[in-house]
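Structure first, then comments.
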Amino acid sequence: MNDEANAEGKPLEELSFTVTGYVSKTPHETYEAVADPAQLSRYFATGGARGRLEAGAEVSWDFADFPGRFPVEVVETVQDEKIVIRWEGSDQSVEPSTTTTFEFTSVDDGTRTLVTITEKSWKLTEGGAQGAFGNCMGWTGMLSALKVWIEHGINLREGYYK
């Protein structure tokens, strides 16, 4: 795997992925739905999110369908534009934690938002690939749940995993 090259012709050093989707709300409303623990708890961290996503903060997320509280370090925030977080992997599949970036791009004169979620730092191992693929599924689900929650007030995660 280490001999593989990416699109720029450089050797692949880590696994990463990006998922995107459009939300029919302003960047401010969409950003707040991610940054605000009360909102995040309604559609994603269904066991409860503690702490607002603000630079320098360490918050935690709990998932009713996946037991255990996960500490989350907030690396950077730019109001209504970007949130960067880190969290540790559950094994030796990351180096030493993953970095996840949420970007909120205004489209259609600010009436909609393109949400881009990128996660990186997965090792080029079987465990790293399983972790990256699993988290790619998780962030895709989060983005879908965000859209349906913020646009229609529906919690997609309710009954989805159990």
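The values are calculated or read from the model by the stated rules, or taken from the named source; none is laboratory data. Since the structure is predicted, the reported quantities are computational estimates derived from the model, not experimental observations. Here the Cβ is made from the backbone with ideal geometry for all residues, glycine too, and neighbour counts use every protein chain on show.
So which of Glu54, Glu88, Glu58, Glu73 ends up being surrounded by 14 or more Cβ atoms within 10 Å (Cβ to Cβ), among the acidic types (Asp, Glu) and more than 24 Å from Gly159 (Cβ to Cβ)? Give the steps one after another, and end with the answer.
Working: Glu54 fails: surrounded by 14 or more Cβ atoms within 10 Å (Cβ to Cβ); Glu88 fails: surrounded by 14 or more Cβ atoms within 10 Å (Cβ to Cβ); Glu58 fails: surrounded by 14 or more Cβ atoms within 10 Å (Cβ to Cβ).
Exactly one of Glu54, Glu88, Glu58, Glu73 is surrounded by 14 or more Cβ atoms within 10 Å (Cβ to Cβ), among the acidic types (Asp, Glu) and more than 24 Å from Gly159 (Cβ to Cβ), namely Glu73.
Would the stretch 75-97 turn up any residue that is out of contact with any strand residue (DSSP E or B) (no Cβ under 6 Å at 6 or more places or on another chain), of a type in the set (Val, Ile, Thr), in a loop (DSSP other than H, G, I, E, B) and at negative phi?
No, the stretch 75-97 contains no residue that is out of contact with any strand residue (DSSP E or B) (no Cβ under 6 Å at 6 or more places or on another chain), of a type in the set (Val, Ile, Thr), in a loop (DSSP other than H, G, I, E, B) and at negative phi.
Rundown of residues vs (1) modelled with pLDDT of 95 or more; (2) charged (D, E, K, R), yes/no style:
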position: Glu13; (1), (2): no, yes
position: Pro27; (1), (2): yes, no
position: Glu32; (1), (2): yes, yes
position: Ala64; (1), (2): no, no
position: Pro67; (1), (2): no, no
position: Ile85; (1), (2): yes, no
position: Phe104; (1), (2): yes, no
position: Ile117; (1), (2): yes, no
position: Lys123; (1), (2): no, yes
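Evaluate the following for Thr116: is it closer than 16 Å to Thr30 by Cβ, outside any helix (DSSP H, G or I) and touching an Asp or Glu at 6+ places or on another chain (Cβ under 7 Å)? Reasoning before the result, please.
Numbers: closer than 16 Å to Thr30 by Cβ: yes; outside any helix (DSSP H, G or I): yes; touching an Asp or Glu at 6+ places or on another chain (Cβ under 7 Å): yes.
When the stated conditions are applied, Thr116 passes them.
With (1) under 25 Å from Ile150 (Cβ atoms); (2) touching a Gly at 6+ places or on another chain (Cβ under 8 Å); (3) in a loop (DSSP other than H, G, I, E, B) as the list, and Arg69 as the residue in question, which single condition is left unmet?
It is condition (3) that Arg69 fails.
Which residues, taken from the stretch 48-58, are in a strand (DSSP E or B) and under 14 Å from the mean Cα position of the chain (by Cα)?
Passing the criteria: only Ala49.
Would you check which residues across the stretch 7-18 are on the phi < 0 side of the Ramachandran plot and surrounded by fewer than 19 Cβ atoms within 10 Å (Cβ to Cβ) and list them?
Correct list: Ala7, Glu8, Lys10, Pro11, Leu12, Glu13, Glu14, Ser16, Phe17, Thr18.
Considering only the stretch 29-47, how many residues are touching a residue at least 24 places away in the same chain (Cβ under 8 Å) and either more than 22 Å from Lys162 (Cβ to Cβ) or assigned to a helix (DSSP H, G or I) (or both)?
Matching residues across the stretch 29-47 total 9.
Given (1) touching a Phe, Trp or Tyr at 6+ places or on another chain (Cβ under 8 Å); (2) modelled with pLDDT of 95 or more; (3) surrounded by 16 or more Cβ atoms within 10 Å (Cβ to Cβ), identify the lone condition not met by Gly131.
Single failed check for Gly131: (2).
Can you tell me which of Trp139, Trp122 is within 15 Å of the chain's Cα centre (by Cα), crowded, with 16+ Cβ neighbours inside 10 Å and under 27 Å from Lys25 (Cα atoms)?
Of Trp139, Trp122, the one residue that is within 15 Å of the chain's Cα centre (by Cα), crowded, with 16+ Cβ neighbours inside 10 Å and under 27 Å from Lys25 (Cα atoms) is Trp139.
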